[in-house]
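Have a look at the structure below before the remarks.
The values are calculated or read from the model by the stated rules, or taken from the named source; none is laboratory data. Only a predicted model underlies this, so the values are computations on that prediction, with no experimental measurement involved. Don't worry about glycine lacking a Cβ; one is built from the backbone with ideal geometry, like all the others, and counts go over all protein chains shown.
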Amino acid sequence: MNKNEAIKLVEPHLTKERFEHSLRVADTAVKLANKYNVSIEKTELAAVFHDYCKYRSLNEMQRIIETSSSLPKDLLLYHHELWHGPVAALKIEEEFGITDEEIKAAIYYHTTGKANMSKLELIVFVADYIEPGRSFPGLDKVREMAEHDLIKTAWMVSRNTITYLMEKKNRIYPDTFHAYNDLTRLLDGGNKFEQ
Ligand code: DGI
Ligand code: FE
Ligand code: FE
């Protein structure tokens with residue numbers, strides 16, 4: 001499947017704003033893929049499909065998580081905002097036959113991140129946050145870092161998201177913390193006490 005075919009499949013499922021966000025994430029992700037030597041074709045598909053299930057009903061997503069043998073049930077204990085990535089990773093295989101594990105993982109983890117992210121996972125995680133339609137506090141610095149260091153950029157995204165969630169007194173999914181801890185370890189060089 002190529003980017004244009006993916007776009008045609010995604011568009012009817014999203015609002016105009018969300019669809020345009022997805023296209024901007026794809027453009028941003030492709031720039032990062034060029035800079036950091038990642039497959040452009042995989043990046044395009046992962047980015048175009050990343051929010052494919054954003055507007056599935058909560059009932060449907062809940063049912064999919066409950067009945068799937070591969071999705072962790074603890075997702076249901078956390079905010080439903082965390083469900084659309086894992087559900088989309090499953091659905092694009094089921095509905096469109098996309099079996100590529102790297103693409104599916106980048107979609108699956110785009111909201112939370114996780115430990116040991118691949119370059120493709122990092123790129124979708126970062127592009128979703130820095131695409132030109134976003135305006136978060138401190139975003140200029142994150143965009144600037146994306147020109148230089150993918151790990152440091154993902155670390156900033158992870159830190160900003162956790163800080164924001166804590167300020168709102170939201171609960172934080174373990175993978176969200178795992179991403180932060182792992183990226184911090186990579187930046188540390190692992191040379192502090194084993195933490
Ligand atoms: O789908 P998008 O709006 O493009 O962006 P997204 O999928 O990255 O994130 C959706 C929201 O999820 C965003 O406001 C941050 C939030 N989020 C990320 N990690 C966690 C989380 N929300 C909760 N409650 N817990 C988390 O661990
Ligand atoms: Fe999303
Ligand atoms: Fe998104």
Please go through (1) surrounded by fewer than 17 Cβ atoms within 10 Å (Cβ to Cβ); (2) within 12 Å of ligand 2 (Cβ to nearest atom); (3) hydrophobic (A, V, I, L, M, F, W, C) for L58 and return the number of the only condition it doesn't satisfy. (2)
What number of residues within segment 65-92 satisfy the criterion of being more than 25 Å from A154 (Cβ to Cβ) and surrounded by fewer than 16 Cβ atoms within 10 Å (Cβ to Cβ)? 7
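If a residue counts only when it is over 30 Å from K169 (Cα atoms) and without any contact (Cβ under 8 Å) to a residue 40 or more places away in the chain, which helices (runs of 4 or more DSSP H) contained entirely in segment 1-97 have at least 2 such residues? Even if it seems obvious, please write down each step before you answer.
Working: elements: 3-10, 16-35, 40-49, 58-67, 84-96.
Output list reads 3-10, 16-35, 40-49, 84-96.
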Matching option when the condition is away from ligand 1 (no atom under 11 Å from the Cβ), closer than 19 Å to K54 by Cβ and not β-branched (V, I, T), among A115, A89, A127: A89
Check on I151, under 23 Å from H21 (Cβ atoms), in contact (Cβ under 8 Å) with a residue 12 or more places away in the chain and either in a helix (DSSP H, G or I) or aliphatic (A, V, I, L, M) (or both): no
Could we say that K104 is crowded, with 18+ Cβ neighbours inside 10 Å, at pLDDT 95 or above, touching a helix residue (DSSP H, G or I) at 6+ places or on another chain (Cβ under 6 Å) and part of a helix (DSSP H, G or I) here? yes
